[in-house]
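> Attaching a single structure in structure tokens format; questions to follow.
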Amino acid sequence: MNLNKISAPVKSELQEFQKQFSGVLKSNVALIDIITRYILRQKGKKIRPILVLLCAKLCGKINRRSYIAANLVELLHTATLIHDDVVDDAKMRRGLPSINAVWKNKASVLIGDFLLSKGLLVSLDNNEFEFLKITSEAVRRMSEGELLQIQKARNFDATEETYFQVIKDKTASLIQTCCRLGAFSATDDKKAIEKAGVFGESTGIAFQLRDDLLDYTGRKKLLGKSTGNDLKEKKFTLPLIVSLRNAPAKHSRDIMKLIKSDSAKKFDSVYYFVAQNGGIEYTKEKIDRYTTTAVKALEYFDDSESKSSLLELVQFLSVREY
């Protein structure tokens, strides 16, 4: 299963989007043009614009408004990735040195701000005020989710409830926005827009659950990064939260002391703790649950190539190994 197959129903429209996106990034400032051309070389999966276009086609026809929505979410997503790399001091992005590694933090923050402003202007210049309202709500939620995660990491007191609040806001809100905007661009059917949103949120949650599971079980060869990154950053994700809840109190206290320490070898101990106390299996069950919710949301729509691709996409995201 691959994204080329999944995006096949919108292949020509995706090419048109990429052409438009390149145009949106243009500037009269030479440095901005240099950096944005570099951004275009960092070829991502384009999952978010694919979702916008597939959901638009699911509900009707892809049109000018659908492209506006696709450009808006990709500008927002790209800006957040650049800002995240600054915050995380990440040196690589999509197989190339990150923007901050090449042009330093100041230019990176400013180029992220430039992309955010371009997103605002794409909406305002086309009088798409509802697009802007929906997307601004997603930006608020993403920021709150990130800050809540930081707070919980500092306090070492994350619970399952706060974990799901974090991933709904931090990750799923933008996926949900992509699907809602795509549907909204092509139909006035409020039920269709609502169902597209449910599909997006559930898919986003399943995606993040899988990502957090892979941090424990993924292989470096496939992920292109070492496992245990969340643990290094003291992020309490579901596999660990559940295991701390299930394990005998003394064992959990010992693991917490190890997590708080600077031991370079703590990941193996924590991994076995998580595997032995149900964290991995529980997380897999949750992935299945949200995948099922996403699939059920699509039952509202008539069968089509776009619907088939969305069904394949949610399966791909929930079982992926990278």
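> Out of the residues in region 89-117 meeting the condition of being part of a loop (DSSP other than H, G, I, E, B) and among the charged types (D, E, K, R), tell me which one is nearest to SER27 (Cα to Cα). So that I can check it myself, show each step before the final result.
Pass one, region 89-117, residues part of a loop (DSSP other than H, G, I, E, B): 89-91, 94-95, 98.
Narrowing the set further to residues that are among the charged types (D, E, K, R) leaves 89, 91, 94.
Working: ASP89: 27, LYS91: 25, ARG94: 24 Å.
Ranking the candidates gives ARG94 first.
> Could you please give the count of residues in region 4-51 that are free of Cβ contacts under 8 Å to residues at least 24 places away in the same chain and under 22 Å from CYS178 (Cα atoms)? Reasoning before the result, please.
Start the filter on region 4-51 by keeping residues that are free of Cβ contacts under 8 Å to residues at least 24 places away in the same chain, which leaves 4, 11-12, 15, 19, 22-23, 26, 28-30, 33-34, 37, 40.
Next, only the ones that are under 22 Å from CYS178 (Cα atoms) stay: 4, 11-12, 15, 19, 22-23, 40.
Adding up the residues that qualify gives 8.
> Do you know which residues across region 62-74 are out of contact with any helix residue (DSSP H, G or I) (no Cβ under 6 Å at 6 or more places or on another chain) and charged (D, E, K, R)?
ARG64 - this is the single residue of region 62-74 that is out of contact with any helix residue (DSSP H, G or I) (no Cβ under 6 Å at 6 or more places or on another chain) and charged (D, E, K, R).
> For ALA206, only one of the following conditions fails: (1) modelled with pLDDT under 75; (2) surrounded by 13 or more Cβ atoms within 10 Å (Cβ to Cβ). What is its number?
(1)
> Residues of region 119-143 being among the polar types (S, T, N, Q), assigned to a helix (DSSP H, G or I) and in contact (Cβ under 8 Å) with a residue 40 or more places away in the chain, which ones? Walk me through how you get there before you give the answer.
Of region 119-143, the ones among the polar types (S, T, N, Q) are 123, 126-127, 135-136, 143.
When the remaining residues are screened for being assigned to a helix (DSSP H, G or I), the result is 123, 135-136, 143.
Selection gives SER123, THR135.
> Look through region 157-183, keep the residues that are charged (D, E, K, R) and either surrounded by 22 or more Cβ atoms within 10 Å (Cβ to Cβ) or outside any helix (DSSP H, G or I) (or both), and return whichever of them is farthest from the chain's Cα centre (by Cα). Give the derivation first.
Taking region 157-183 and keeping what is charged (D, E, K, R), we get 157, 160-161, 168-170, 180.
Add one more test, that the residue is either surrounded by 22 or more Cβ atoms within 10 Å (Cβ to Cβ) or outside any helix (DSSP H, G or I) (or both), and what stays is 157, 180.
Details: ASP157: 24, ARG180: 15 Å.
Here the residue is ASP157.
> Could you grab me the full set of residues in region 59-114 that are β-branched (Val, Ile, Thr) and within 22 Å of ALA138 (Cα to Cα)?
To start, the set of residues in region 59-114 that are β-branched (Val, Ile, Thr) comprises 62, 68, 73, 78, 80, 82, 86-87, 99, 102, 109, 111.
If the condition is that a residue be β-branched (Val, Ile, Thr) and within 22 Å of ALA138 (Cα to Cα), then ILE68, VAL73, THR78, THR80, ILE82, VAL86, VAL87, VAL109, ILE111 are the ones that fit.
> On the basis of being touching a strand residue (DSSP E or B) at 6+ places or on another chain (Cβ under 8 Å) and either under 22 Å from PHE184 (Cβ atoms) or charged (D, E, K, R) (or both), does LYS91 make the cut? Please lay out each step first, then the result.
Values: touching a strand residue (DSSP E or B) at 6+ places or on another chain (Cβ under 8 Å): yes; either under 22 Å from PHE184 (Cβ atoms) or charged (D, E, K, R) (or both): yes.
Yes: the conditions hold for LYS91.
The values are calculated or read from the model by the stated rules, or taken from the named source; none is laboratory data. As the structure is a computational prediction, the values presented were derived from the model and not from experiment. Virtual Cβ from ideal backbone geometry, glycine too; neighbours counted across all protein chains shown.
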